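Just so you know, all these numbers are worked out from the coordinates, no wet-lab data involved. Keep in mind that what you see is a predicted model, and the values were worked out from it rather than measured. For neighbour counting, all protein chains shown are included, and Cβ atoms are generated from backbone atoms with ideal geometry for every residue, glycine included.
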């Protein structure tokens, strides 16, 4: 049986169709509506990019009150794999499911470019098929992508192997601390990153490196035959 | 009912590129000598119970990881009832 992915749609989400396509390339995929306290027994939850709730107050701050997020939190607490991309990463940070916060880019500009990501851990379901040190080429597009944690917490992230990806040397597009592009929770089942693997799943668009995160998750969740 | 004003600021040590951009723009208008420009948010609200304000700030109005907040109680509003 193939792995079932659920992609959450909030008011203001805009990357859910690309995320669905990426998931459908490696398993079954369906949309989850933010207003339903139901994640339909999926095996993997993806919180895609966009501008949930218009980015009002702070990016990601309001989406955590959507009924679906209570179910996502329970799923995450039970060890279920959750991937937050861009605004999804911001939502997971504001929800307390991931450490840190995303601040406006140092340039104050909306960044839209391909970046090289260097894998920093293989211990999450989404990076289980990616070796530490491997480089993935994936687009980044955001205005609030500057990852921040206080220094003491940064040391904890390093000690606990919670850094997922770093921008390759000289490619940090937003001023993120320690060139961090993505992190995971301590258990490793909840991950978030600013660049968009779901936009890099078709050779026609320049890179299929992003597919590896979805493929890794599908393989990690597959029930042995 | 109480009327309150909450001032939310980027924490000391957090780079504020908005503040820096404004600081660089002021001399263009002929205003030299403005430094340490920091940009935050102002939230005005009326609350039934002012004792809730601190938790409102800590849990939603501000993100304590990156922002400091300051609650100012303005006055009590006569009940409309």
**Item:** Descending principal axes extents, segment A:1-136, alpha-carbon based, whole Å
**Value:** 45, 37, 26
**Request:** At a temperature of 25 °C and a viscosity of 0.890 mPa s, determine how fast segment A:40-110 diffuses translationally according to Stokes-Einstein, using the Kirkwood radius over alpha-carbon pairs as Rh; express D in µm²/s, rounded to the nearest whole number.
**Result:** 195 µm²/s
**Asked** What is the Cα radius of gyration of chain B over 2.2 N^0.38 Å, N being its residue count?
**Response** 1.41
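What fraction of the DSSP beta bridges in chain A is antiparallel, stated in percent and rounded to the nearest 5? List each step's numbers first, then the result.
Values: 22 of 38 bridges.
In chain A, approximately 60 percent of DSSP beta bridges are antiparallel ones.
Remind me, relative contact order of chain B in percent, using alpha carbon pairs under 8 angstrom and six or more residues apart? List each step's numbers first, then the result.
Working: 115 pairs, mean separation 43.2, N = 81.
Relative contact order here is 53 percent.
Within a 10 angstrom radius of each residue's Cβ in B:5-16, how many Cβ atoms of other chains show up on average? Whole number is fine.
Working: counts 0, 0, 0, 2, 0, 2, 2, 0, 2, 5, 6, 2.
Partner Cβ neighbours, averaged per residue: 2.
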**Cα radius of gyration and Dmax for segment A:72-207 (Å)** = 13.8, 43
**Asked** Radius of gyration and Dmax for the protein assembly as shown's Cα atoms, expressed in Å?
**Response** 20.7, 74
**Fill in**
Per the helix-only model, the protein assembly as shown has a calculated mean residue ellipticity at 222 nm (DSSP H runs of ≥4, -39500 (n - 2.57) each, divided over all residues, rounded to the nearest 500) of -5500 deg cm²/dmol
**Message:** For the ranges A:101-113, B:46-58, B:63-75, what's the packing order if you count other beta-carbon atoms within 10 Å of each residue, average per peptide, and put the highest first?
**Reply:** A:101-113, B:63-75, B:46-58
**Request:** Take every Cα pair under 8 Å in segment A:51-90 that's 6+ residues apart, average their separations, divide by the length, and report that relative contact order as a whole percent.
**Result:** 36 percent
**Message:** With a cut-off of 8 Å between alpha carbons and a minimum separation of six or more residues, what is the relative contact order of segment A:30-105 in percent?
**Reply:** 35 percent
